[in-house]
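Just so it is clear, none of the values below were taken in a lab; they were calculated from the coordinates. A quick note: this is a predicted structure, and the numbers were derived from the prediction, not measured. Please note: Cβ atoms are built from the backbone with ideal geometry, for glycine as well, and neighbour counts cover all protein chains shown.
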Amino acid sequence: MQPRVLRLTLTFILAFTLTAWTSAERLTLVTDAQPDTLDPHVTSATSAFQHTKSFYDTLVEVGRDGSIQPLLATDWSVSDDGLTWRFELTEASFHDGTTFDASDVVATIQRLQADATGSPKASEYAVIEAVVAVGERTVEMQLAAPAPALLATLASGWSAILPSEKIASDHDFANEPVGTGAFTLERWTRDSDMRLAANPAYFLGAPNIEGVTVRYVGDSALQLQALRTGEAHVATAIATADLPVVEADGNLRLVREPSGLALVASLNTRRPYLDDPRVRRALNLAVDEQTVLNVAYGGGTPIGTFMEAGSPWTPADVMPFGQDLNEARALLDEAGVPDDWTLDMALPQPYESHITAGQVVQDMLGDVGIDVNVRVVEWGVWLSEVYGGPRDFDVTVIGHTGKLDPTGRLDGYGQPSENYVGFGDSDVAEWLAEGRSNADPEVRQAVYGDVLRRMHAAPPFVYFGTPDRTYAVRAEVDGFWMTPLLDSFDFREVSLN
Amino acid sequence: MTRWLRTAGSFGLTFVLVMTVTFIALEALPGDAASLRAGFDGGSGRDAAVREALNLDRPWPERYVAWWSGLLQGDLGVSLREDRPVASIVLERLPVTAALAGLAFVFSTTAGVLLGAWAAFRAGSGIDRGVRAFTAVGLAMPEFWFGFLLLLLFAVEFAWLPLFGLPPGGGVWATLQHLLLPAVTLAVPRAARQARVVRALVLESRREAWLRTAVSKGAGTGRLRRQAVLAALPGALPLLALDLGGLLTGTIVVEQVFGLPGLGALLIGGISARDVPVVQGVTLLAVGVFLVVNLMSDLLQQALDPRLRDA
């Protein structure tokens with residue numbers, strides 16, 4: 001009996017030792033965040049737009065250099081008063097076979113504006129008074145006031161163009177996306193994977209690959225293993241400790257690019273002592289932002305105000321705070337902060353790096369005599385109790401995603417009730433209103449400079465910086481890239497050698 | 001007849017109790033599906049609109065009653081996260097878990113019965129000690145740890161088997177490759193438990209009078225062993241049923257480790273999304289399977305072992 005069992009076992013093991021299931025013509029990407037929905041008009045989640053980019057197109061898009069490029073609109077012009085925008089449209093067709101034309105643009109903008117849609121970005125379209133199909137391939141937008149940020153809005157994922165017929169029939173875009181995009185949805189299994197199939201009729205030419213599989217794997221070690229064994233071609237989360245492993249592996253390529261994130265420890269300025277700008281400056285001076293970036297986020301560039309590093313909107317005279325413990329202690333004394341002051345720090349559960357950063361900050365604040373109670377809360381609780389609802393926190397750590405125009409990041413910081421940190425006054429509100437409606441680039445540069453200077457002088461955040469966007473790609477992959485600032489996956493030019 | 005009614009009654013009560021506790025536990029957790037769906041826009045009051053659209057602004061007893069009245073009409077409700085009927089979501093995930101649990105059950109039962117019987121026939125020998133060591137280790141190993149160990153060894157170190165996931169429409173062969181390690185992970189502790197019980201049962205049956213009679217009548221060793229195992233099996237049925245019924249919950253951890261898109265993954269995803277109807281749907285299925293399997297084992301045991309019928 002013994003030899004037979006052994007033989008059987010061996011045969012069984014051998015039978016399964018064939019190579020793992022892979023398909024040469026599909027790209028597999030592993031990432032940690034899945035979309036909440038595939039309806040681009042009802043979400044503001046970066047993870048959603050990372051995926052919708054493949055199913056839908058926008059009128060204009062962000063190119064590799066960060067500039068705005070034509071997509072469904074081949075050309076556009078603005079009237080002298082800045083109130084009429086005219087777009088010429090390309091020839092394209094939707095996944096359901098219907099032809100893309102001006103009526104789809106009209107229906108899309110109207111859907112975004114409609115209360116019933118509930119778009120979180122509706123306010124960005126409020127300035128549009130009318131959208132008119134001038135011809136089959138020409139569309140005009142009439143604005144109530146000049147809107148210099150409109151092009152940035154139209155280039156962002158939430159302005160994806162949907163087919164008018166499907167809009168009229170109240171189609172379930174959340175589960176069954178229909179757009180003009182380079183890929184169609186094959187299957188989406190929540191928490192597991194999403195399969196995309198190439199759209200042979202894509203108006204810019206069919207993709208080189210048959211399809212894409214996106215797998216949701218939270219664990220970065222598992223992502224790396226999948227990449228090394230060839231089960232995945234792209235891994236988006238590389239742990240700091242694993243960077244040397246990737247760099248040493250000849251089959252892998254490490255990509256480091258600036259991201260659009262602003263990483264911060266947010267301070268609830270409604271709370272005692274935190275309502276004093278001197279205390280908030282002291283906290284900034286107590287923290288060594290470079291160390292936080294290195295330890296928690298795999299490196300990055302420090303920032304001194306609420307804008308990603310390298311942004312042209314940050315005034316040249318606004319610098320990162322750096323660390324100065326003596327100055328920090330002096331400011332705390334001046335503000336009369338008691339010795340037993342204890343801060344309540346709420347950290348969001350699924351985000352390991354934010355939790356690590358919070359613990360580093362806790363340690364650093366201890367050096368200037370501030371006690372910090374750390375509690376880790378689940379994401380749902382963070383959203384409803386910290387970021388929203390009662391805003392029950394003194395300090396939390398989070399990253400604010402990149403936006404193409406400063407309105408996207410800064411609007412809402414003019415009124416204390418409109419943002420979670422309780423920042424804002426009439427000056428800031430006035431500057432923001434000016435920036436929203438003045439088309440003169442110099443005026444905008446000046447007013448946003450004022451806002452960002454104020455957010456440095458009376459900081460509602462302890463600024464960390466902008467991390468590098470670090471991801472790893474197998475050597476056989478060509479043409480994969482992520483949109484600057486928006487971080488969307490672009491599979492359109494991918495080929496596998 | 002009264003026995004039947006009592007059994008059905010206790011099963012019904014268990015079912016209602018489990019569903020109620022699940023519902024209340026989910027309600028008691030902080031955060032809700034609306035705030036998660038509204039995400040960063042919740043702060044601007046969008047969560048209230050979502051909450052209204054999902055009927056989450058209604059008090060929980062009202063939603064609880066609505067869930068039962070839906071269920072009585074055969075409606076499991078609509079997912080709060082996916083806006084799709086819960087029944088179709090559960091049906092999509094069911095094949096993965098069913099295949100995994102089925103494979104694990106075949107592995108564990110085969111290994112458990114064979115090892116148990118083998119150890120019993122060689123009681124006191126090196127083989128017996130080996131099997132007993134295996135049962136001790138098998139029972140002590142936590143599934144997530146053992147699963148990771150298998151992954152590291154066979155998917156990373158040797159790279160013989162795929163690391164995670166399940167290719168949709170990948171054919172029987174690819175599916176088996178992906179399910180092998182998770183099924184083994186699930187099977188080992190169960191096989192250990194079964195081996196232990198089968199060993200004890202076979203040892204016991206060897207001491208029984210009918211076997212001694214058979215020996216005195218000159219029956220061959222092979223036949224005696226077969227008879228002893230067959231006589232012991234009905235005694236192992238309750239444990240087998242417990243294992244089969246419990247496999248559905250056992251897959252929760254293992255599906256997480258191996259990234260399999262089954263019911264376990266759906267349950268975990270549902271809980272973190274506060275998707276009450278989905279969690280209720282999966283729980284309903286798990287409890288239903290558990291109760292039905294145990295009921296069937298009860299009946300089967302009575303059918304196989306005449307001695308139990310008078311009880």
*Could you give the dipole magnitude of region A:58-164 about its Cα centre, charging the beta-carbon of Lys and Arg +1 and that of Asp and Glu -1, in debye to the nearest 20?*
260 debye
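If you build the Cα gyration tensor of region B:95-263 and take the root of 5 times each eigenvalue, what three semi-axes come out, in whole angstrom, biggest first?
Details: eigenvalues 249, 51, 36 Å².
Working through the eigenvalues yields semi-axes of 35, 16, 14 Å.
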_Förster radius 25 Å - calculated FRET efficiency between B:Leu300 and B:Gln73 (Cβ-Cβ, nearest 0.05)_ = 0.15
*Averaged over B:151-163, how many beta carbons belonging to a partner chain fall within 10 Å of each residue's beta carbon?*
5
*Can you figure out the FRET efficiency of A:Asn251 with B:Leu242, using R₀ = 51 Å and their beta-carbon distance, to the nearest 0.05?*
0.60
*Cβ neighbours within 10 Å from other chains - mean over A:410-420*: 1
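So for each of B:10-16, B:22-28 I average, over its residues, the number of other beta carbons within 10 Å; can you give me the resulting order with the highest mean first?
On the way: B:10-16: 12.9, B:22-28: 14.6.
The most tightly packed comes first, giving B:22-28, B:10-16.
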*Which of rounded, prolate, oblate describes chain A, given a ≥ b ≥ c as roots of the alpha-carbon gyration tensor eigenvalues and a/c under 1.5 marking rounded, otherwise prolate only if a/b is larger than b/c?*
oblate
*Using only Cα atoms, locate the centre of region A:182-244 and the centre of region A:316-331, then give the distance between them in Å, rounded to an integer.*
43 Å
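How about region B:186-234: which trypsin sites (Lys or Arg not before Pro) there are in a DSSP loop, with at most 13 other Cβ atoms within 10 Å of their Cβ?
B:Arg207, B:Lys217
Mind putting a number on the dipole of region A:262-466 about its Cα centre? Charges go on the C-beta only, +1 for Lys and Arg and -1 for Asp and Glu, and I need it in Debye to the nearest 20.
Numbers: 14 positive and 31 negative charges, 76 e Å.
Roughly 360 debye, rounded to the nearest 20.
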*Roughly how tilted is helix B:60-72, in degrees to the nearest 10 and between 0 and 90, from the longest Cα axis of chain B?*
60 degrees
*Of A:Leu261, A:Asn438, A:Val451, whose Cα points farthest to the positive end of the dipole of the protein assembly as shown (charges on the beta-carbon: +1 Lys, Arg; -1 Asp, Glu; origin at the Cα centre)?*
A:Leu261
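Which value, in debye to the nearest 20, gives the size of the charge dipole of the protein assembly as shown about its Cα centre, when Lys and Arg are +1 and Asp and Glu are -1 at the Cβ? Spell out each step's value before the answer.
Values: 61 positive and 93 negative charges, 1290 e Å.
Using only the charged Cβ atoms, the result is roughly 6200 debye.
Would you list the membrane-span-like helices of chain A, meaning whole DSSP H runs whose alpha-carbon atoms span at least 18 Å along their axis and whose mean Kyte-Doolittle value is at least -1.0? Don't jump to the answer; show the numbers that get you there.
Numbers: long enough: A:2-15 (20 Å, 0.93); A:352-366 (21 Å, 0.06); A:441-457 (24 Å, -0.51).
Membrane-span-like by this criterion, though nothing is claimed about a membrane: A:2-15, A:352-366, A:441-457.
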*Does region A:58-164 come out rounded, prolate or oblate, given a ≥ b ≥ c as the square roots of the eigenvalues of its C-alpha gyration tensor, rounded meaning a/c under 1.5 and, failing that, prolate meaning a/b above b/c?*
rounded
_Using a Förster distance of 30 Å, the FRET efficiency for A:Thr84-A:Leu204 (Cβ separation, nearest 0.05)_ = 0.60
*Of the options A:Ala286, A:Pro484, A:Ser103, report the single residue whose Cα projects farthest towards the positive end of the charge dipole of chain A (beta-carbon charges: Lys, Arg +1; Asp, Glu -1).*
A:Pro484
*For A:Glu61, which sequence-distant residues (separation of 5 or more, or a different chain) have an amide H within less than 5 Å of its own amide H, given hydrogens modelled in the peptide plane?*
A:Gln69, A:Leu71
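Beyond 18 Å, what percent of the Cα pairs of region B:177-287 remain? Provide the component values of the computation, followed by the final result.
Working: 3818 of 6105 pairs.
The share of Cα pairs beyond 18 Å in region B:177-287 comes to 63 percent.
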*So, by mean Cβ neighbours within 10 angstrom, what's the order for A:292-304, A:322-334 with the highest one leading?*
A:292-304, A:322-334
*asked:* Show me the ranking of peptides A:48-57, A:196-205 by mean Cβ neighbours inside 10 Å, starting with the highest.
replied: A:48-57, A:196-205
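Any idea what the relative contact order of region A:114-211 is, in percent, if you count C-alpha pairs under 8 Å spaced at least 6 apart? Can you show the working numbers first?
Numbers: 88 pairs, mean separation 13.4, N = 98.
Normalised by residue count, the contact order of region A:114-211 is 14 percent.
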*Can you list residues whose amide H is under 5 Å from A:Arg187's amide H, if they're 5+ apart or on another chain and H is modeled 1.01 Å from N?*
A:Arg195
*Give the residue from B:Gly12, B:Gln73, B:Phe23 lying farthest towards the positive end of the charge dipole for region B:1-123; charges sit on Cβ (+1 for Lys and Arg, -1 for Asp and Glu) and the dipole is referred to the Cα centre.*
B:Gly12
*If amide H atoms are built 1.01 Å from N in the plane of the peptide, which residues on other chains or at least 5 residues away come under 5 Å of the amide H of A:Val377?*
A:Leu347, A:Gln349
*Would you mind giving the mean number of other chain beta-carbons within 10 Å of the Cβ of each residue in B:256-268, as a whole number?*
3
_Restricting to Cα pairs below 8 Å that are 6+ residues apart, what does the relative contact order work out to for region A:175-250? Please round to a whole percent._
19 percent
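Report the relative contact order of chain B, percent, no decimals, based on alpha-carbon pairs under 8 angstrom and at least 6 residues apart. Intermediate values should be presented prior to the final figure.
Details: 349 pairs, mean separation 77.6, N = 311.
For chain B, the relative contact order is 25 percent.
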